[in-house]
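A.B. asks: For reference, the structure I am asking about is given below.
The values are calculated or read from the model by the stated rules, or taken from the named source; none is laboratory data. Remember, it's a predicted structure, so these values are computed and weren't measured experimentally. Because the Cβ atoms are built from the backbone with ideal geometry, glycine has one as well, and the counts that use them run over all protein chains shown.
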Amino acid sequence: MTKIFLFGIWEKWAFGERGWSVKYKHSNICALKGSSVFIHSNYTHPSGLTGVKKFWAKNPSNGVEPTDLTTVPGYTDRVQYSDNENQTFDLHLQTVNKSDEHMYCVRITTNQKGERYLGYPGVMLRVTGQLMVVVPERVSEGNATLLTCATTCNLTEKATFTWFKNGRLLQTNNQDLNTLYIQSTRIDDAARYCCAVKGYEHRCSPEVFLNVRYPPKNVSVSISPSGGIVEGSSVTLTCRGDAYPPVQNYTWFKVKAMVGQDSTFTISKISPEDSGEYKCKCINAEGVRYSAVVTLKVVAPPKSVSVSISPSGGIVEGSSVNLTCSSDANPPVQIHTWFKEGETSPVGFESDFSFIVNDTTSGRYFCEVQNGHGSLRSALMPVVLMGKIFLLSNWVATIKQTLSNSIATTNVANAVQNPSNY
């Protein structure tokens, strides 16, 4: 009679009708690396046999008697058998790893010649390595997100999964599934995630960072220097926006006119014409956002100052006169100071300066203006009594007449003495 090489097939053919059988609960088992595996079997054998012995073997080969796992190096301390009266014979294999990926079969032997059996084909064990967190390629704020705890094979035993966010355990409602569902993704869901099988939390998967995409937020503009903007100085506006992916395009506007296309906008020599309202626009792949409006106010020292007098006609002694100091400045002049020519002490501190005109107060006056960015003095304004001007005119006329008469008298005398000269 020709023999079939595989023990299980040959022996089942030879003795199957006499009551030999081995049945397994699973033909394939997937287990987590580092976990313990139970492989269940039920067997039958003919009655009346003596010296019955059962053991588990791995990868039976043609024509080679299988070896009891309990005697195989590397298995001895990790293997336990469970033999019950109801003809169940189970294998308990602890701390499985990738090197344990084999076919496992039950071998039954007796001390009677020819009475033996191999339960072939047996159970194929697959060991999944590290768990892996699989995240969607693109996750946007507000959308639903599903994270999956992936294995290289489907775990045979029902597992409870746990999830960790930035190293902290997450409380979820679907621990029986290998997924983490985020119904409406928020920015603070961007974090490091790992997953583990309950009871093996120390074997958490490698962490994976979940990036959450969102349009620009909190767009703001800063001004440097931050104090008053002095005419002729350099001013830089900087636009900042929180976004993922980062802001790709910036656009600057003065009112509605575009003036720049960078994260910064610099005016090298600023002038009053540059004063106005500015804002920036931020764009990324998720959306657009504008900043609030900022206002540039260009300041400068006083540019011009003049003095006017009222009344503008003749000034009579004892009358009141008002001097007004006018200026062009941004910001407006805050301090006015009046001086009388030849005196060091101020005589007034308002834009208008009024006083009674007499011999003591008449003279030339000027004002000095300040606005915090500089100062400027006006030209001198004369304040002279009308009577003084009249007397001065008569005095000048008298002098002229006296000189004229003196010259005429001298000429007559000379003519009498020297008639040939005339």
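A.B. asks: Of the residues S220, S184, which single one is farther than 26 Å from T95 by Cα, hydroxyl-bearing (S, T, Y) and touching a residue at least 60 places away in the same chain (Cβ under 8 Å)?
C.D. replies: Step by step, each of S220, S184 is checked, and only S220 is farther than 26 Å from T95 by Cα, hydroxyl-bearing (S, T, Y) and touching a residue at least 60 places away in the same chain (Cβ under 8 Å).
A.B. asks: Still on this structure: Report the residue count in the stretch 295-308 for those that are modelled with pLDDT of 95 or more and either surrounded by 15 or more Cβ atoms within 10 Å (Cβ to Cβ) or not in a strand (DSSP E or B) (or both).
C.D. replies: Within the stretch 295-308, residues that are modelled with pLDDT of 95 or more and either surrounded by 15 or more Cβ atoms within 10 Å (Cβ to Cβ) or not in a strand (DSSP E or B) (or both) number 2.
A.B. asks: Pick out the one residue from L125, L155, L147 that is of a type in the set (A, V, I, L, M), touching a residue at least 12 places away in the same chain (Cβ under 8 Å) and not in a strand (DSSP E or B).
C.D. replies: Going through L125, L155, L147 in turn, just one is of a type in the set (A, V, I, L, M), touching a residue at least 12 places away in the same chain (Cβ under 8 Å) and not in a strand (DSSP E or B): L155.
A.B. asks: Output the residues belonging to the stretch 25-44 that are more than 21 Å from N97 (Cβ to Cβ), in contact (Cβ under 8 Å) with a residue 60 or more places away in the chain and not small (G, A, S).
C.D. replies: Correct list: Y43 only.
A.B. asks: Within the stretch 100-120, is there a residue that is under 30 Å from S184 (Cβ atoms), surrounded by 12 or more Cβ atoms within 10 Å (Cβ to Cβ) and among the hydrophobic types (A, V, I, L, M, F, W, C)?
C.D. replies: No, the conditions are met nowhere in the stretch 100-120.
A.B. asks: Restricting attention to the stretch 317-349, and to residues there that are of a type in the set (D, E, K, R) and surrounded by fewer than 14 Cβ atoms within 10 Å (Cβ to Cβ), which single residue is modelled with the highest pLDDT?
C.D. replies: Across the stretch 317-349, the extreme among qualifying residues is E341.
A.B. asks: Also: Kindly check whether there is at least one residue in the stretch 217-236 that is exposed (fewer than 12 other Cβ atoms within 10 Å of the Cβ), at pLDDT 95 or above and closer than 30 Å to R186 by Cβ.
C.D. replies: Yes, there is a match, as at least one residue in the stretch 217-236 is exposed (fewer than 12 other Cβ atoms within 10 Å of the Cβ), at pLDDT 95 or above and closer than 30 Å to R186 by Cβ.
A.B. asks: For the stretch 14-32, name all the residues that are in a loop (DSSP other than H, G, I, E, B) and at pLDDT 90 or above.
C.D. replies: W20, K25, H26, S27
A.B. asks: Kindly indicate whether any position in the stretch 295-316 is without any contact (Cβ under 8 Å) to a residue 40 or more places away in the chain and under 46 Å from the mean Cα position of the chain (by Cα).
C.D. replies: Yes, the stretch 295-316 contains a residue that is without any contact (Cβ under 8 Å) to a residue 40 or more places away in the chain and under 46 Å from the mean Cα position of the chain (by Cα).
A.B. asks: Among D242, D262, which is surrounded by 13 or more Cβ atoms within 10 Å (Cβ to Cβ) and assigned to a loop (DSSP other than H, G, I, E, B)?
C.D. replies: Selected residue: D262, the only one of D242, D262 that is surrounded by 13 or more Cβ atoms within 10 Å (Cβ to Cβ) and assigned to a loop (DSSP other than H, G, I, E, B).
A.B. asks: Here's a follow-up. For the subset of the stretch 27-67 comprising residues that are among the aliphatic types (A, V, I, L, M) and surrounded by fewer than 18 Cβ atoms within 10 Å (Cβ to Cβ), which member is nearest to V127 (Cα to Cα)?
C.D. replies: Once the filter is applied, the top-ranked residue is V64.
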